[in-house]
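Colleague: Below you'll find the structure I mean.
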Amino acid sequence: MVEIAKFKPNTVYVTYIAATPEQVWQALTDPAFTRQYIFGFALEIEPRVGGAFKLLTADGSTHVKGEVLDLSPPRRLSCTWGVKGMQDFGELPDCVVTYRVDFPAPGASKACRISASCRIAW
Amino acid sequence: MNKPKFVYVTYIRTTPEKLWAALTNPQTIKKYWFGMTVETDFKVGSPWRLKFEDGRAADTGEILESDPPRQLVIRWRNEFKPELKAEGYSRCTMAIEMADYYPDVGGKAVKLTVMHELEGEGAKFIEAVSGGWPKVLSNLKSLLETGDVAFRVEAA
(Lines give C-alpha, C1' and ligand atoms only; values in the text may rest on other atoms or scores of the structure.)
Protein backbone atom coordinates (compact mmCIF):
# COMPACT_ATOMS: atom_id res chain seq x y z
CA MET A 1 0.00 0.00 0.00
CA VAL A 2 1.21 3.48 -0.86
CA GLU A 3 2.16 5.62 2.13
CA ILE A 4 0.46 8.77 0.96
CA ALA A 5 1.79 10.90 3.85
CA LYS A 6 5.31 10.55 2.47
CA PHE A 7 4.34 12.40 -0.71
CA LYS A 8 4.71 16.19 -0.76
CA PRO A 9 3.15 18.63 -3.23
CA ASN A 10 5.46 19.40 -6.11
CA THR A 11 3.35 21.05 -8.79
CA VAL A 12 -0.25 22.21 -8.90
CA TYR A 13 -2.08 23.46 -11.98
CA VAL A 14 -5.48 25.13 -11.78
CA THR A 15 -7.83 25.83 -14.65
CA TYR A 16 -11.47 26.81 -14.99
CA ILE A 17 -13.75 25.34 -17.66
CA ALA A 18 -17.38 26.15 -18.47
CA ALA A 19 -18.66 22.58 -18.12
CA THR A 20 -20.51 20.34 -15.69
CA PRO A 21 -18.50 18.14 -13.30
CA GLU A 22 -19.88 15.08 -15.11
CA GLN A 23 -18.49 16.36 -18.43
CA VAL A 24 -15.11 17.01 -16.80
CA TRP A 25 -15.12 13.57 -15.19
CA GLN A 26 -15.81 11.96 -18.54
CA ALA A 27 -13.00 13.95 -20.11
CA LEU A 28 -10.62 12.75 -17.38
CA THR A 29 -11.57 9.06 -17.37
CA ASP A 30 -13.06 8.01 -20.73
CA PRO A 31 -10.34 6.53 -23.00
CA ALA A 32 -12.13 7.62 -26.19
CA PHE A 33 -12.17 11.17 -24.82
CA THR A 34 -8.57 11.22 -23.54
CA ARG A 35 -7.33 10.02 -26.95
CA GLN A 36 -8.65 13.27 -28.37
CA TYR A 37 -6.63 15.57 -26.12
CA ILE A 38 -3.69 13.53 -24.73
CA PHE A 39 -2.17 13.20 -28.20
CA GLY A 40 -3.70 9.77 -28.87
CA PHE A 41 -3.09 8.35 -25.38
CA ALA A 42 -5.88 6.27 -23.83
CA LEU A 43 -6.46 6.28 -20.10
CA GLU A 44 -7.56 2.92 -18.71
CA ILE A 45 -8.80 2.70 -15.18
CA GLU A 46 -10.26 -0.09 -13.04
CA PRO A 47 -12.97 1.88 -11.24
CA ARG A 48 -12.16 0.89 -7.66
CA VAL A 49 -9.64 1.88 -5.01
CA GLY A 50 -6.62 -0.39 -5.49
CA GLY A 51 -7.50 -0.91 -9.16
CA ALA A 52 -5.02 -0.58 -11.99
CA PHE A 53 -4.44 2.72 -13.76
CA LYS A 54 -2.75 2.92 -17.14
CA LEU A 55 -2.04 5.46 -19.80
CA LEU A 56 -1.53 3.71 -23.14
CA THR A 57 0.16 5.19 -26.18
CA ALA A 58 -1.62 5.23 -29.54
CA ASP A 59 0.07 1.90 -30.45
CA GLY A 60 -1.09 0.27 -27.19
CA SER A 61 2.12 0.19 -25.18
CA THR A 62 2.08 1.25 -21.53
CA HIS A 63 3.33 4.78 -20.95
CA VAL A 64 2.19 5.28 -17.35
CA LYS A 65 1.22 2.56 -14.89
CA GLY A 66 -0.17 2.98 -11.40
CA GLU A 67 -2.79 2.26 -8.80
CA VAL A 68 -6.07 3.99 -7.96
CA LEU A 69 -5.86 5.63 -4.52
CA ASP A 70 -9.12 7.58 -4.55
CA LEU A 71 -12.02 7.43 -6.97
CA SER A 72 -14.95 9.69 -6.09
CA PRO A 73 -16.78 10.58 -9.31
CA PRO A 74 -17.18 13.30 -10.40
CA ARG A 75 -15.05 15.14 -7.83
CA ARG A 76 -11.79 13.40 -7.17
CA LEU A 77 -9.38 10.99 -8.82
CA SER A 78 -6.04 10.12 -7.32
CA CYS A 79 -3.57 7.59 -8.73
CA THR A 80 0.06 6.68 -8.42
CA TRP A 81 1.98 7.35 -11.63
CA GLY A 82 5.00 5.44 -12.75
CA VAL A 83 6.32 6.44 -16.16
CA LYS A 84 7.36 3.37 -18.18
CA GLY A 85 9.12 2.94 -21.47
CA MET A 86 10.95 6.27 -21.42
CA GLN A 87 14.67 6.04 -20.84
CA ASP A 88 14.97 9.36 -19.04
CA PHE A 89 12.29 8.43 -16.50
CA GLY A 90 13.30 4.81 -15.93
CA GLU A 91 14.89 5.40 -12.55
CA LEU A 92 12.23 7.63 -11.03
CA PRO A 93 9.94 6.30 -8.30
CA ASP A 94 6.17 6.73 -8.62
CA CYS A 95 4.50 10.05 -7.97
CA VAL A 96 0.89 10.69 -6.93
CA VAL A 97 -1.36 12.57 -9.36
CA THR A 98 -4.64 13.95 -8.04
CA TYR A 99 -7.43 15.64 -9.98
CA ARG A 100 -9.95 17.66 -8.00
CA VAL A 101 -13.10 19.03 -9.62
CA ASP A 102 -14.95 21.76 -7.70
CA PHE A 103 -18.37 22.78 -8.91
CA PRO A 104 -19.59 25.39 -9.01
CA ALA A 105 -16.29 27.24 -9.01
CA PRO A 106 -16.34 30.12 -6.51
CA GLY A 107 -17.92 33.07 -8.31
CA ALA A 108 -19.03 31.04 -11.33
CA SER A 109 -22.24 29.04 -11.32
CA LYS A 110 -21.51 27.33 -14.65
CA ALA A 111 -17.80 26.61 -14.44
CA CYS A 112 -15.71 23.90 -12.80
CA ARG A 113 -12.43 24.58 -11.05
CA ILE A 114 -10.07 21.75 -11.92
CA SER A 115 -6.83 21.30 -10.07
CA ALA A 116 -4.23 18.75 -11.04
CA SER A 117 -1.48 18.15 -8.53
CA CYS A 118 1.60 16.00 -8.58
CA ARG A 119 3.14 14.89 -5.31
CA ILE A 120 6.52 13.24 -5.00
CA ALA A 121 8.31 11.35 -2.24
CA TRP A 122 11.87 12.08 -3.19
CA MET B 1 15.67 30.63 -0.14
CA ASN B 2 14.26 31.30 -3.58
CA LYS B 3 11.93 34.25 -3.94
CA PRO B 4 8.31 33.24 -4.49
CA LYS B 5 7.38 33.46 -8.15
CA PHE B 6 4.20 32.69 -10.06
CA VAL B 7 4.48 30.93 -13.42
CA TYR B 8 1.48 29.80 -15.45
CA VAL B 9 1.52 28.22 -18.88
CA THR B 10 -1.50 27.72 -21.08
CA TYR B 11 -1.89 26.65 -24.71
CA ILE B 12 -4.52 28.40 -26.81
CA ARG B 13 -5.96 27.60 -30.23
CA THR B 14 -5.37 31.01 -31.79
CA THR B 15 -2.62 33.02 -33.48
CA PRO B 16 0.09 35.08 -31.73
CA GLU B 17 -1.42 38.22 -33.30
CA LYS B 18 -4.92 37.51 -31.95
CA LEU B 19 -3.52 36.68 -28.51
CA TRP B 20 -1.48 39.90 -28.49
CA ALA B 21 -4.60 41.83 -29.46
CA ALA B 22 -6.54 40.18 -26.63
CA LEU B 23 -3.81 41.11 -24.14
CA THR B 24 -3.74 44.75 -25.23
CA ASN B 25 -7.27 45.68 -26.33
CA PRO B 26 -9.15 47.33 -23.41
CA GLN B 27 -12.56 46.16 -24.68
CA THR B 28 -11.39 42.53 -24.89
CA ILE B 29 -9.59 42.73 -21.54
CA LYS B 30 -12.83 43.88 -19.92
CA LYS B 31 -14.56 40.71 -21.16
CA TYR B 32 -12.13 38.23 -19.62
CA TRP B 33 -10.77 40.27 -16.69
CA PHE B 34 -14.02 40.40 -14.73
CA GLY B 35 -14.95 43.91 -15.88
CA MET B 36 -11.54 45.46 -15.22
CA THR B 37 -10.25 48.00 -17.72
CA VAL B 38 -6.70 48.82 -18.71
CA GLU B 39 -5.38 52.30 -19.43
CA THR B 40 -2.11 52.51 -21.31
CA ASP B 41 -0.83 52.89 -24.86
CA PHE B 42 1.45 49.83 -24.37
CA LYS B 43 4.54 51.79 -25.36
CA VAL B 44 7.76 51.29 -23.43
CA GLY B 45 7.93 53.80 -20.57
CA SER B 46 4.21 54.59 -20.63
CA PRO B 47 2.15 54.42 -17.46
CA TRP B 48 -0.10 51.37 -17.06
CA ARG B 49 -3.22 51.20 -14.95
CA LEU B 50 -5.74 48.44 -14.23
CA LYS B 51 -9.07 49.86 -13.05
CA PHE B 52 -12.20 48.49 -11.44
CA GLU B 53 -15.52 49.10 -13.17
CA ASP B 54 -16.20 51.99 -10.76
CA GLY B 55 -12.96 53.70 -11.84
CA ARG B 56 -10.81 52.97 -8.79
CA ALA B 57 -7.24 51.91 -9.56
CA ALA B 58 -6.61 48.25 -8.75
CA ASP B 59 -3.01 48.17 -9.90
CA THR B 60 -0.64 50.70 -11.45
CA GLY B 61 2.77 50.63 -13.05
CA GLU B 62 4.64 51.08 -16.27
CA ILE B 63 5.28 49.27 -19.55
CA LEU B 64 8.85 47.91 -19.44
CA GLU B 65 8.89 45.93 -22.69
CA SER B 66 6.48 45.76 -25.61
CA ASP B 67 7.42 43.48 -28.48
CA PRO B 68 4.27 42.53 -30.41
CA PRO B 69 3.27 39.73 -30.80
CA ARG B 70 5.91 38.14 -28.59
CA GLN B 71 6.50 39.73 -25.23
CA LEU B 72 4.95 42.25 -22.88
CA VAL B 73 6.57 43.19 -19.57
CA ILE B 74 4.78 45.36 -17.02
CA ARG B 75 6.12 46.90 -13.79
CA TRP B 76 3.16 46.38 -11.53
CA ARG B 77 2.07 47.39 -8.05
CA ASN B 78 -1.16 46.69 -6.21
CA GLU B 79 -3.05 49.85 -5.19
CA PHE B 80 -6.15 48.72 -3.33
CA LYS B 81 -4.89 46.39 -0.61
CA PRO B 82 -2.41 48.09 1.78
CA GLU B 83 -0.65 44.84 2.70
CA LEU B 84 -0.05 44.08 -0.99
CA LYS B 85 0.89 47.64 -1.91
CA ALA B 86 3.44 47.55 0.92
CA GLU B 87 5.34 44.78 -0.89
CA GLY B 88 6.12 47.26 -3.67
CA TYR B 89 6.57 46.69 -7.37
CA SER B 90 6.46 43.40 -9.19
CA ARG B 91 7.42 42.47 -12.71
CA CYS B 92 4.93 40.63 -14.90
CA THR B 93 6.14 39.02 -18.12
CA MET B 94 3.70 37.70 -20.72
CA ALA B 95 5.44 35.66 -23.41
CA ILE B 96 3.82 34.33 -26.58
CA GLU B 97 5.28 31.63 -28.82
CA MET B 98 4.18 28.87 -31.18
CA ALA B 99 4.47 25.41 -29.63
CA ASP B 100 4.01 21.77 -30.48
CA TYR B 101 3.73 18.62 -28.36
CA TYR B 102 6.74 16.96 -29.86
CA PRO B 103 8.18 18.11 -33.17
CA ASP B 104 5.81 17.03 -35.94
CA VAL B 105 3.30 15.42 -33.53
CA GLY B 106 -0.13 16.75 -32.73
CA GLY B 107 -0.27 20.08 -34.49
CA LYS B 108 0.55 23.49 -33.11
CA ALA B 109 -0.90 25.86 -30.55
CA VAL B 110 0.02 29.24 -29.14
CA LYS B 111 1.80 29.01 -25.81
CA LEU B 112 1.24 31.81 -23.34
CA THR B 113 3.55 32.01 -20.32
CA VAL B 114 2.74 34.47 -17.55
CA MET B 115 5.49 34.98 -15.00
CA HIS B 116 5.03 37.29 -12.05
CA GLU B 117 7.69 38.06 -9.48
CA LEU B 118 8.30 40.74 -6.87
CA GLU B 119 11.21 43.14 -7.21
CA GLY B 120 11.74 43.04 -3.45
CA GLU B 121 10.81 40.70 -0.63
CA GLY B 122 7.40 39.40 0.35
CA ALA B 123 4.93 36.58 -0.32
CA LYS B 124 1.42 38.05 -0.07
CA PHE B 125 1.31 39.70 -3.48
CA ILE B 126 2.46 36.54 -5.28
CA GLU B 127 -0.06 34.49 -3.29
CA ALA B 128 -2.82 36.89 -4.37
CA VAL B 129 -1.95 36.80 -8.07
CA SER B 130 -1.61 33.00 -7.88
CA GLY B 131 -5.33 32.88 -7.16
CA GLY B 132 -6.28 35.48 -9.75
CA TRP B 133 -4.24 34.58 -12.82
CA PRO B 134 -5.72 31.05 -13.34
CA LYS B 135 -9.21 32.61 -13.42
CA VAL B 136 -8.28 35.43 -15.79
CA LEU B 137 -6.26 33.18 -18.10
CA SER B 138 -8.96 30.46 -18.16
CA ASN B 139 -11.40 33.17 -19.19
CA LEU B 140 -8.98 34.40 -21.87
CA LYS B 141 -8.45 30.90 -23.30
CA SER B 142 -12.18 30.14 -23.35
CA LEU B 143 -12.95 33.52 -24.93
CA LEU B 144 -10.44 33.09 -27.75
CA GLU B 145 -11.44 29.49 -28.45
CA THR B 146 -15.21 29.59 -27.99
CA GLY B 147 -16.22 33.25 -28.06
CA ASP B 148 -17.33 33.17 -24.42
CA VAL B 149 -15.48 33.25 -21.09
CA ALA B 150 -15.32 30.36 -18.58
CA PHE B 151 -16.91 32.42 -15.80
CA ARG B 152 -20.15 33.01 -17.67
CA VAL B 153 -22.50 35.65 -16.39
CA GLU B 154 -26.05 34.46 -15.78
CA ALA B 155 -28.62 35.94 -18.16
CA ALA B 156 -30.81 38.38 -16.25
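Colleague: Looking at segment A:88-122 only, could you name the residues that are more than 14 Å from every other protein chain (Cβ to nearest Cβ), over 29 Å from B:Ser142 (Cα atoms) and open to solvent by 40 Å² or more (accessible area, probe 1.4 Å)?
Modeller: Across segment A:88-122, the qualifying residues are A:Phe89, A:Gly90, A:Glu91, A:Leu92, A:Pro93, A:Asp94, A:Ala121, A:Trp122.
Colleague: Could I ask something else about it? In segment A:5-44, which residues are within 14 Å of chain B (Cβ to nearest Cβ), under 25 Å from A:Ile120 (Cβ atoms) and free of Cβ contacts under 8 Å to residues at least 24 places away in the same chain?
Modeller: A:Thr34, A:Tyr37, A:Ile38, A:Phe39, A:Phe41
Colleague: Would you be able to say whether some residue in segment B:98-110 is over 22 Å from B:Leu64 (Cα atoms), at pLDDT 95 or above, open to solvent by less than 60 Å² (accessible area, probe 1.4 Å) and away from chain A (no Cβ under 14 Å)?
Modeller: yes
Colleague: Could you check how many residues of segment B:49-64 are in contact (Cβ under 8 Å) with a residue 24 or more places away in the chain and touching a Pro at 6+ places or on another chain (Cβ under 9 Å)?
Modeller: 1
Conditions tested, residue by residue: (1) of a type outside the set (S, T, N, Q); (2) within 13 Å of another protein chain (Cβ to nearest Cβ); (3) open to solvent by 50 Å² or more (accessible area, probe 1.4 Å); (4) closer than 20 Å to B:Ile12 by Cα.
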residue	(1), (2), (3), (4)
B:Leu112	yes, yes, no, yes
B:Met115	yes, no, yes, yes
B:Gly120	yes, no, no, no
B:Lys124	yes, no, yes, no
B:Ser130	no, yes, no, yes
B:Lys135	yes, yes, yes, yes
B:Leu140	yes, yes, no, yes
B:Gly147	yes, yes, yes, yes
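Colleague: With open to solvent by less than 80 Å² (accessible area, probe 1.4 Å), farther than 24 Å from B:Ile12 by Cβ, away from every other protein chain (no Cβ under 14 Å) and not in a strand (DSSP E or B) as the only criterion, which of A:Gly50, A:Gly66, A:Gly85 stands out?
Modeller: A:Gly50
Colleague: For segment B:16-48, which residues satisfy the criterion of being charged (D, E, K, R) and free of Cβ contacts under 8 Å to residues at least 40 places away in the same chain?
Modeller: Residues satisfying the conditions are B:Lys30, B:Glu39, B:Asp41, B:Lys43.
Colleague: Among the residues of segment A:1-39, write down those that are part of a loop (DSSP other than H, G, I, E, B) and either closer than 22 Å to A:Leu92 by Cβ or within 16 Å of the chain's Cα centre (by Cα) (or both).
Modeller: Once the filter is applied, which keeps residues that are part of a loop (DSSP other than H, G, I, E, B) and either closer than 22 Å to A:Leu92 by Cβ or within 16 Å of the chain's Cα centre (by Cα) (or both), segment A:1-39 yields A:Met1, A:Val2, A:Glu3, A:Phe7, A:Asp30, A:Ile38, A:Phe39.
Colleague: Out of all the residues in segment A:58-98, which are over 16 Å from A:Phe7 (Cβ atoms) and hydroxyl-bearing (Ser, Thr, Tyr)?
Modeller: A:Ser61, A:Thr62, A:Ser72
Colleague: Moving on. Please specify each residue of segment B:31-45 satisfying the condition of being assigned to a loop (DSSP other than H, G, I, E, B) and among the hydrophobic types (A, V, I, L, M, F, W, C).
Modeller: B:Trp33, B:Phe34, B:Met36, B:Phe42, B:Val44
The values are calculated or read from the model by the stated rules, or taken from the named source; none is laboratory data. Please read these numbers as outputs of a predicted model, since none were measured by experiment. Glycine also receives a Cβ, built like all others from the backbone with ideal geometry; neighbour counts cover every protein chain displayed. Just the protein is used for accessible areas: all its heavy atoms, side chains included, with ligands, DNA and RNA removed. Shrake-Rupley method; radii C 1.70, N 1.55, O 1.52, S 1.80 Å.
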